[in-house]
Amino acid sequence: MARIVMKFGGTSVADLDRIKNVARHVKREVDAGHEVAVVVSAMSGKTNELVGWVQGTPKVVGANSPFYDAREYDAVVASGEQVTSGLLAIALHAMDINARSWQGWQIPIRTDNAHGAARILEIDGADIIKRMGEGQVAVIAGFQGLGPDNRIATLGRGGSDTSAVAIAAAVKADRCDIYTDVDGVYTTDPRIVPQARRLKKIAFEEMLEMASLGAKVLQVRSVELAMVHKVRTFVRSSFEDPDAPGMGDLLNPPGTLICDEDEIVEQEVVTGIAYAKDEAQISLRRLADRPGVSAAIFGPLAESHINVDMIVQNISEDGSKTDMTFTVPSGDVEKAIKVLGENKEKIGYDVVQNESGLVKVSVIGIGMRSHAGVAATAFKALAEKGINIKAITTSEIKISILIDGPYAELAVRTLHSCYGLDKN
Ligand code: ASP
Ligand code: MG
């Protein structure tokens, strides 16, 4: 017998038929004798609709104000998960399964006070553990918890992944299964590279890079939590027949296992290729080369909530002037240029240049820690295709390359095949 947390995303609970299908997945695990907690998202599209109402889209008569109380935003947007948790419990009852719904405040899942983007601080798992032990399935509304002000708090978009992993850690589950509309994590985006392969396993660190680079399978925060608490997390499809052979396999269910790197015996050098679109590059020319310059640039940008990504500073030729290049999301360029302009005196640069519509492609793999020449392979392959590299940054397990937008797909395909990731 095992203790399993099963999380179902918005497309998996999009309507009553799909909720019934989810109930069959749950029944399979219950029938196998496992203790089960289920975490649900809202029906797909529901949270967008709720957010739209709060933001006063034309659907709300007369209102078009961005000003609203974040606590009331949470009261509204958390309701989508309340609905699906109740509906799933009812669907389980119809199959003669003992189940009850739980809202975040009932457990409680305690969060901090950052309404709309709250972080989970603590989960009291005692009640659900006791009920699971008595054979009751806990159907938990994802995405929500209880703030220190005693009000509902939501965890940021995509947050029910994080709810699931946090609950799995709190109840010491053997496994956390994230059911979604894809059947696992792929070596790259299969829409761009049809030869992309589904990974059997991926290390937490690698998944963190893949997730933050736009492989939108999981909320980044959930992967961080899984890594810290070593929660073995499966990404798998809810659209497969719940009773197909192998679906109930305890150790090797179909899907991708996100796990500790020690569990991955045959580690490839490169695990996957990720990309992030709509990047922009900003360069400050002829900066004074003295202490405090970087702080003078990136401090005000951070205060303006501009998310800076790649940062490249040149070594100055004679110790007096240098250049600094960094990337921001294209949508933030104007704001960034304005902030830099306001701080021109303090920073002390000559000109600022920028270019939008760029793409960052990244090669990810824990194996590159211990292998030489991984970067050189990428550069050579891109050169052969005539793709110009604008900036490069690296970490122990990642090489990121900034290129012109129109080359994105070619670059992803080229890198995918040059590391032998194409399935044969
Ligand atoms: N329903 C929420 C959202 O759409 C949370 C989630 O689905 O993970 O962001
Ligand atoms: Mg999601």
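Please go through segment 187-199 and give me each residue that is surrounded by fewer than 23 Cβ atoms within 10 Å (Cβ to Cβ) and either within 16 Å of ligand 2 (Cβ to nearest atom) or within 19 Å of the chain's Cα centre (by Cα) (or both), ordered by number.
Asp189, Pro190, Arg191, Arg198
Return only the number of the condition from (1) in a helix (DSSP H, G or I); (2) out of contact with any Gly (no Cβ under 8 Å at 6 or more places or on another chain) that Glu81 does not satisfy.
(2)
Specify which of the listed residues (Lys7, Lys27) is at pLDDT 95 or above and out of contact with any helix residue (DSSP H, G or I) (no Cβ under 7 Å at 6 or more places or on another chain).
Lys27
Considering every residue within segment 247-255, establish whether at least one is in a strand (DSSP E or B) and touching a residue at least 12 places away in the same chain (Cβ under 8 Å).
no
Out of the residues in segment 158-185 that are touching a residue at least 60 places away in the same chain (Cβ under 8 Å), surrounded by fewer than 23 Cβ atoms within 10 Å (Cβ to Cβ) and more than 14 Å from ligand 2 (Cβ to nearest atom), which is nearest to the chain's Cα centre (by Cα)?
Among those residues, the one meeting the criterion is Gly184.
Which of the numbered conditions does Ile401 fail, given that it passes all the others? Conditions: (1) over 25 Å from the mean Cα position of the chain (by Cα); (2) surrounded by 21 or more Cβ atoms within 10 Å (Cβ to Cβ).
Single failed check for Ile401: (1).
Consider segment 207-234. How many of its residues are part of a helix (DSSP H, G or I) and either touching an Asp or Glu at 6+ places or on another chain (Cβ under 8 Å) or within 16 Å of ligand 2 (Cβ to nearest atom) (or both)?
13
Collect the residues in segment 40-54 that are of a type outside the set (D, E, K, R), in a helix (DSSP H, G or I) and within 15 Å of ligand 2 (Cβ to nearest atom), keeping them in residue-number order.
Within segment 40-54, Thr47, Asn48, Val51 qualify.
One line per residue, one yes/no per condition, for (1) of a type in the set (Ser, Thr, Tyr); (2) at pLDDT 95 or above; (3) in contact with a helix residue (DSSP H, G or I) (Cβ under 6 Å, 6 or more places away or on another chain):
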position	(1), (2), (3)
Thr271	yes, yes, yes
Pro300	no, yes, yes
Asp318	no, no, no
Lys321	no, no, no
Leu340	no, yes, no
Glu355	no, yes, no
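For a quick check of your reading: which strands (runs of 3 or more DSSP E) sit entirely within segment 310-371 and have at least 2 residues that are closer than 12 Å to Ile297 by Cβ?
In segment 310-371, 311-313, 321-329 are the strands (runs of 3 or more DSSP E) which contain 2 or more residues that are closer than 12 Å to Ile297 by Cβ.
Would you please name the residue that is surrounded by the fewest Cβ atoms within 10 Å (Cβ to Cβ), looking only at residues in segment 1-33 that are of a type in the set (A, V, I, L, M, F, W, C) and away from ligand 1 (no atom under 16 Å from the Cβ)?
So, considering only residues that are of a type in the set (A, V, I, L, M, F, W, C) and away from ligand 1 (no atom under 16 Å from the Cβ), the one surrounded by the fewest Cβ atoms within 10 Å (Cβ to Cβ) is Met1.
Ser237 passes all but one of (1) within 15 Å of ligand 2 (Cβ to nearest atom); (2) surrounded by 17 or more Cβ atoms within 10 Å (Cβ to Cβ); (3) over 16 Å from the mean Cα position of the chain (by Cα); which number fails?
Failing condition for Ser237: (2).
Out of Ala153, Ala211, Ala126, report the one residue that is within 16 Å of ligand 1 (Cβ to nearest atom) and over 18 Å from Thr47 (Cβ atoms).
Checking each option against the conditions leaves just Ala211.
Restricting segment 55-82 to residues that are within 24 Å of the chain's Cα centre (by Cα) and among the hydrophobic types (A, V, I, L, M, F, W, C), which is modelled with the lowest pLDDT?
Here the answer is Ala70.
Just one of (1) buried (at least 18 other Cβ atoms within 10 Å of the Cβ); (2) of a type outside the set (Lys, Arg); (3) within 27 Å of Ser362 (Cβ to Cβ) trips up Ser294, so point out which.
(1)
Please identify the pairs in which a residue from segment 4-29 that is over 23 Å from Ser79 (Cα atoms) and more than 16 Å from ligand 2 (Cβ to nearest atom) has its Cβ atom under 7 Å from the Cβ atom of a residue that is assigned to a helix (DSSP H, G or I) and modelled with pLDDT of 95 or more, counting only partners at least 6 apart or on another chain.
Ile4/Glu29
The values are calculated or read from the model by the stated rules, or taken from the named source; none is laboratory data. Just so it is clear, the structure is predicted and the values come from calculations on it, not from any experiment. Glycine also receives a Cβ, built like all others from the backbone with ideal geometry; neighbour counts cover every protein chain displayed.
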